[in-house]
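Read the structure below first, then the notes.
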There are 2 protein chains.
Amino acid sequence: MTTPIRLLLADDQALVRGALAALLSLEPDLTVVAEVSRGDEVVPEALRTHPDVALLDVEMPGLDGVAAAAALRAALPGCRVLVVTTFGRPGYLRRAMEAGANGFVVKDTPARQLADAVRRVHAGLRVVDPTLAAETLATGASPLTERETEVLRTARGGGTVAELAATLHLSEGTVRNHLSSAIGKTGARNRADAVRLAEANGWLLG
Amino acid sequence: MTTPIRLLLADDQALVRGALAALLSLEPDLTVVAEVSRGDEVVPEALRTHPDVALLDVEMPGLDGVAAAAALRAALPGCRVLVVTTFGRPGYLRRAMEAGANGFVVKDTPARQLADAVRRVHAGLRVVDPTLAAETLATGASPLTERETEVLRTARGGGTVAELAATLHLSEGTVRNHLSSAIGKTGARNRADAVRLAEANGWLLG
DNA sequence: GCTTACACCTGACAAATGTCACGGGCGAGA
DNA sequence: TCTCGCCCGTGACATTTGTCAGGTGTAAGC
């Protein structure tokens, strides 16, 4: 073993972040050099500490993990990215890979495998949960157009059509058309149902 | 120091569970004797391993952490319970305390404080996040009746009134009345909004 | 006994929602 | 060029939803 692999951890839950740091620090060839709680702190902290691998959560304030991954790849091309997330949503994996992530691990995986995943990513390999990969291929990309996802995303707050139209600067009829189309495409029966399904598939990311 | 404090960990996310085990094992006076991933495995495993303190997540398959806490207090009165959860929902804290939990910690708290929380709970003290405690007192208990919460819980799936009525064996009018009442009490404008608000307050637990 | 709260139902009503048919404009690709 | 898909809009329509005013029965409290 030469110098240890330098790690950056990004997770909004301090307890989980610290626990992951403890877990990874048990490995002699790994060392945690930075911890952040927000997505928009990833790049500045990485520029300061020059990690070899960054472990990013998807759900974070400021900037979601996928966007942070893209920004990090642009700022430090030599830094590998391993996305570690709670939800194994098919769309998340797809978006993360498109954003340049080198690996994707859900928090359901056994703790022992995390260090190996880090090492593989550092070695230039891709690490993907096989179950999730299959599901992603089965589910496919989002069938929703840009506008439809935007309307659905706004509809998450639970407002009337009039309010949606006002915040989106659209006509009420247009909003209804987009919603109807989204409902049809997702196979939902309701606006609320469509929001639920789209979110479960990871189709509502920024 | 005499014998170390024996811990049981319950969390459905294997990675988080393992990381917490690593974090707590760093403390010389703590030892993790059991790990489970489901709420309904807590009591059997506790009967087998006799932990001093059980760390329970709220969101778990099989049995939620609050119900598991109650069952554990009944089966092993000597075992202290520390609830560790992702969401700082006011209702969760209230329900957990009513179920006999000795402490309540959100996953936003710094990792260093967890071991102290465990020690305090083991010493017979109550550990509660002060911010969350204040919010709980401000929000108060659920204003919803049993039936209203049940209807809201069923409405989470996103079905029509007719379907809700069918699954609940009620008349459509009754369902609508319960929904309307719940919407009024929560200050929501929609059925979907009411579900969202009630869930955010932790009023939809089993 | 009386009151209060809850569960359950009915019927009716206005408002919101979801669907459809129909336009026009715009950019990408055959 | 022509077609196709997406975006945006209109108007109309049936359905669903949320609200209200009633009614019953039942259990708990004064």
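The values are calculated or read from the model by the stated rules, or taken from the named source; none is laboratory data. Bear in mind that the values here come from a model prediction, so they are computed numbers and not experimental data. All Cβ positions, even for glycine, are placed from backbone atoms using ideal geometry, and neighbour counts span all protein chains on display. Note: areas computed on protein heavy atoms with side chains; ligands, DNA, RNA excluded. Shrake-Rupley method; radii C 1.70, N 1.55, O 1.52, S 1.80 Å.
Quick look at the numbers
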read-out: Residue match in the stretch A:131-144 (condition: of a type in the set (Val, Ile, Thr), open to solvent by less than 50 Å² (accessible area, probe 1.4 Å) and within 8 Å of DNA strand D (Cβ to nearest atom)); value: no
read-out: In the stretch A:109-130, the residues that are more than 25 Å from residue B:11 (Cβ to Cβ) and not in a helix (DSSP H, G or I); value: A:123, A:124, A:125, A:126
read-out: Residues within the stretch A:168-191 that are assigned to a helix (DSSP H, G or I), farther than 30 Å from residue A:133 by Cβ, of a type in the set (A, V, I, L, M, F, W, C) and within 13 Å of DNA strand C (Cβ to nearest atom), tallied; value: 2
read-out: Check on residue B:163, assigned by TED's automatic domain parsing to the domain that holds residue B:87 and not aliphatic (A, V, I, L, M); value: no
read-out: Single match in B:51, B:77, B:44 (criterion: more than 14 Å from chain A (Cβ to nearest Cβ), assigned to a helix (DSSP H, G or I) and not basic (Lys, Arg)); value: B:44
read-out: Qualifying residue in the stretch B:10-25 (condition: more than 24 Å from residue B:201 (Cα to Cα), in contact (Cβ under 8 Å) with a residue 12 or more places away in the chain, in the same structural domain as residue B:99 (by TED's automatic domain parsing) and part of a loop (DSSP other than H, G, I, E, B)); value: no
read-out: Residues satisfying the stated conditions in the stretch A:27-55, i.e. free of Cβ contacts under 8 Å to residues at least 60 places away in the same chain, under 17 Å from residue A:115 (Cα atoms) and hydrophobic (A, V, I, L, M, F, W, C); value: A:32, A:33, A:34, A:54
read-out: Qualifying residue in the stretch B:59-80 (condition: closer than 18 Å to residue B:114 by Cβ, β-branched (Val, Ile, Thr) and in contact (Cβ under 8 Å) with a residue 24 or more places away in the chain); value: no
read-out: Which numbered condition residue B:155 fails, given (1) touching a Lys or Arg at 6+ places or on another chain (Cβ under 7 Å); (2) exposed (fewer than 15 other Cβ atoms within 10 Å of the Cβ); value: (2)
read-out: The listed residue being within 14 Å of chain A (Cβ to nearest Cβ), more than 15 Å from DNA strand D (Cβ to nearest atom), farther than 19 Å from residue A:190 by Cα and not charged (D, E, K, R), out of B:105, B:121, B:128; value: B:105
read-out: Hey, residue B:160 within 14 Å of chain A (Cβ to nearest Cβ), surrounded by fewer than 18 Cβ atoms within 10 Å (Cβ to Cβ) and over 30 Å from residue B:68 (Cα atoms) or not; value: yes
read-out: Sole exception among (1) more than 22 Å from residue B:89 (Cα to Cα); (2) open to solvent by 60 Å² or more (accessible area, probe 1.4 Å) for residue B:189, by number; value: (1)
read-out: Count - residues of the stretch B:167-184 that are more than 10 Å from DNA strand D (Cβ to nearest atom) and surrounded by 14 or more Cβ atoms within 10 Å (Cβ to Cβ); value: 2
read-out: Only listed residue being part of a loop (DSSP other than H, G, I, E, B), away from chain B (no Cβ under 14 Å) and not basic (Lys, Arg), chosen from A:141, A:165, A:133; value: A:141
read-out: Filter result for the condition that a residue is open to solvent by less than 10 Å² (accessible area, probe 1.4 Å), within 14 Å of chain A (Cβ to nearest Cβ) and not small (Gly, Ala, Ser), over B:8, B:72, B:15, B:23; value: B:15
read-out: Residue B:153 vs. criteria within 18 Å of the chain's Cα centre (by Cα), in a helix (DSSP H, G or I) and not assigned by TED's automatic domain parsing to the domain that holds residue B:20; value: yes
